[in-house]
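Q: Submitted below is the structure of interest, expressed as structure tokens.
The values are calculated or read from the model by the stated rules, or taken from the named source; none is laboratory data. This is a predicted model, so every value here is computed, not measured. Note that each Cβ is placed from the backbone with ideal geometry, even for glycine, and that neighbours are counted across all protein chains shown. When the accessible area is computed, the model is the full protein with side chains, heavy atoms only, and any ligands, DNA or RNA have been set aside. Shrake-Rupley method; radii C 1.70, N 1.55, O 1.52, S 1.80 Å.
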There are 2 protein chains.
Amino acid sequence: MSDELPALPWERTRRRTGPARIPLTRDRIIEAAYTVLDRVGYEKLSMRQVAAELGVAVSALYAHVSSKDELLELMYLRMFRDWELPPPDPDNWREQIRQYARTGRTRLHEHRDMARIAMTGFPFSAEALPHLEQLLALFRAGGLPDHLAGAAGDMISTFINGFAFEESVWEDRQEEVDESPRDQPVSERSWAEIRETLERYFRELPPDRFPNLVELSDVMLQRTNDERFDLGIEIIIRGLASYAAEHPRPAE
Amino acid sequence: MSDELPALPWERTRRRTGPARIPLTRDRIIEAAYTVLDRVGYEKLSMRQVAAELGVAVSALYAHVSSKDELLELMYLRMFRDWELPPPDPDNWREQIRQYARTGRTRLHEHRDMARIAMTGFPFSAEALPHLEQLLALFRAGGLPDHLAGAAGDMISTFINGFAFEESVWEDRQEEVDESPRDQPVSERSWAEIRETLERYFRELPPDRFPNLVELSDVMLQRTNDERFDLGIEIIIRGLASYAAEHPRPAE
DNA sequence: AACCTGGATGAACAGTGTTCACCATACACG
DNA sequence: CGTGTATGGTGAACACTGTTCATCCAGGTT
């Protein structure tokens, strides 16, 4: 390893500080934190792991990020980046809400355990506000009375986050069962396994104490998570729409 | 302290073990964990704190509880204790669902950050199953098609947990602002403060980019958490009921 | 060439979950 | 009455965690 050629003049500056040392930045730290998160999950995500990922001392991180909590918040904010909001279309508010919820869940799925981070993030940051505004616009376009529009925004977010959070918990639970390495965000196969196990569990319950659970064991779990999520959103939308029907907007 | 009377025969066995040394049990550990949780919150709840609360070495806990995760799970299960479920009344399913959700949230509020623990707890344990069964019974009584009844149970739980979780996050955020000691689960006053701060924040947003937020700033946050929660539940119930109306139960 | 300065370093501190060799106490038995 | 045994608590240790701080080194400026 000692037979290095003398550095060419134009790369001298670069070679100086060891192997192409790119400066540490907030962005690079967040990026590294994401790859660590995807590999080890929320519970085991640590500043030291992030530092190791960057090949840097732990204390170096604190020059760019004041605490782990701040790093988590930054990761949360990153979620909103390049999230295009379509212009509100009053005739299509239901479909647009559906779409919004779906891409929201997709965003949360983009990184492992992201929902756990999102759930504790500050939901009214500058990055998140346009989304709330968008939801409000859609709800008002749909003819919801004002006091409902306000609550509805919260509600949709709570459901999206809560749903994804529980998915995340199931995934982690499943993962600590099969020690398999985690190349992708829990295969469809794993979810099928979970469902099958639960279905048998329900079916074999004592029918005298749990008649409904036994009877519905098949129909309850045959749906995929996607379908369950869509159904949940649909229920909320219908509930909201029922108010719009009661308080028809004065056609001015 | 040396002028002790000779112990009466029937209390001899009790006196033997020094200063009234009550044996360590799972229950006592769980109890202690709750008082620690209420004092320091979820993030700072540690095995050492629990041990200290009991005046005992940390390692002693591990004779009764295999890990911190198990302890958390036990705390979660304790939540269902003495939770009476009223007999399902088909004519009143909506009110009964409302009531169920309300007491669910109340239970979560009984201990600080309980929702954070509940959210990661296994929702199909022996203790929790009767509740799911109850919900299914109510939904079927309300005339919901079977495939919906299954999803609806999940949905209600997700919303209750998610809502309480976010309340818990807000409370913690508020608490680290005012250093005030925490004698009770965040006073009403604190919530009023949070609402007021947010309302002003919304009102002073640039109206060109956030017209709806500015316009709704007053109406959006004037409601208490209780009202917002009830509204959320009501929306879900209405959404569910809309399906029942579409698929009327065959009057046999 | 000397200086300054910004950013990275590594060691340290206090705290975490968990394990394990040790030991004391309370009971059963001879 | 004395001895053994076993249950269950102890304290020290390990491998971590988030965070801080004195130190130090490289880069650019004077």
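Q: Mind checking Rg over Rh on the stretch B:21-78, alpha carbons, Kirkwood formula for Rh?
A: My calculation of the ratio gives 0.91.
Q: Starting from the Cα gyration tensor of chain A, multiply each eigenvalue by 5, take the square root, and state the resulting semi-axes largest first in whole Å.
A: 43, 29, 14
Q: Another question about this same structure. Which three semi-axes in whole Å describe the equivalent ellipsoid of the stretch B:111-242, each the square root of 5 times a Cα gyration tensor eigenvalue, listed largest first?
A: So the equivalent ellipsoid measures 33, 22, 11 Å along its semi-axes.
Q: For the stretch A:21-78, what is the charge dipole size about the Cα centre, in debye to the nearest 20, if Lys and Arg each add +1 at the Cβ and Asp and Glu each add -1 at the Cβ?
A: Approximately 200 debye in magnitude.
Q: Okay, next question. B:Phe229: net charge of surrounding residues, Cβ under 11 Å, Lys/Arg +1, Asp/Glu -1, itself excluded?
A: Result for the local shell: -2.
Q: Which one, B:Tyr201, B:Tyr76, B:Tyr42, has the greatest fluctuation when you compute a Gaussian network model over chain B with C-alpha springs under 10 angstrom?
A: Top of the fluctuation ranking is B:Tyr201.
Q: Test of understanding: what is the full-extension gain from A:Leu24 to A:Ser59, defined as 0.36 nm times their sequence separation minus their Cα-Cα distance?
A: Using 0.36 nm per residue and subtracting the Cα-Cα distance, I get 11.4 nm.
Q: Also, quick follow-up: With every protein chain left in place and a probe of 1.4 Å, what is the accessible surface of B:Phe124, to the nearest 10 Å²?
A: About 20 Å², ignoring ligands and nucleic acids.
Q: How big is the charge dipole of the protein assembly as shown about its Cα centre, in debye rounded to the nearest 20, if each Lys and Arg gets +1 on its Cβ and each Asp and Glu gets -1 on its Cβ?
A: 1260 debye
Q: Another question, if that's okay. Between the alpha-carbon centers of the stretch A:90-127 and the stretch A:43-79, tell me the distance in whole angstrom.
A: 23 Å
Q: What percent do you get for the relative contact order of chain A when only Cα pairs under 8 Å and 6+ apart count?
A: 18 percent
Q: Ok, one more. Over the stretch B:21-78, average the accessible area per residue using a 1.4 Å probe and give it in Å², no decimals.
A: 54 Å²
Q: Rounded to the nearest 500 deg cm²/dmol, what is the calculated helix-only ellipticity per residue at 222 nm for the protein assembly as shown, with -39500 (n - 2.57) per DSSP H run of length n ≥ 4?
A: For the protein assembly as shown, the value works out to -20500 deg cm²/dmol.
Q: Have a look at A:Arg102, A:Arg228, A:Arg189 and tell me which one the Gaussian network model of chain A (Cα, springs below 10 Å) gives the largest fluctuation.
A: A:Arg189
Q: Something else about it: Assuming 0.36 nm per residue, please report the length gained on full extension of the stretch A:Glu31 to A:Glu110 beyond their Cα-Cα distance.
A: Roughly 27.1 nm would be gained on extension.
Q: Given R₀ = 56 Å, FRET efficiency for A:Leu205-B:Arg200 by Cβ-Cβ distance, to 0.05?
A: My answer for the efficiency is 0.60.
Q: Between A:Arg189 and B:Asp218, what FRET efficiency follows from the Cβ-Cβ distance if R0 is 35 Å, with the result rounded to 0.05?
A: It comes to 0.10.
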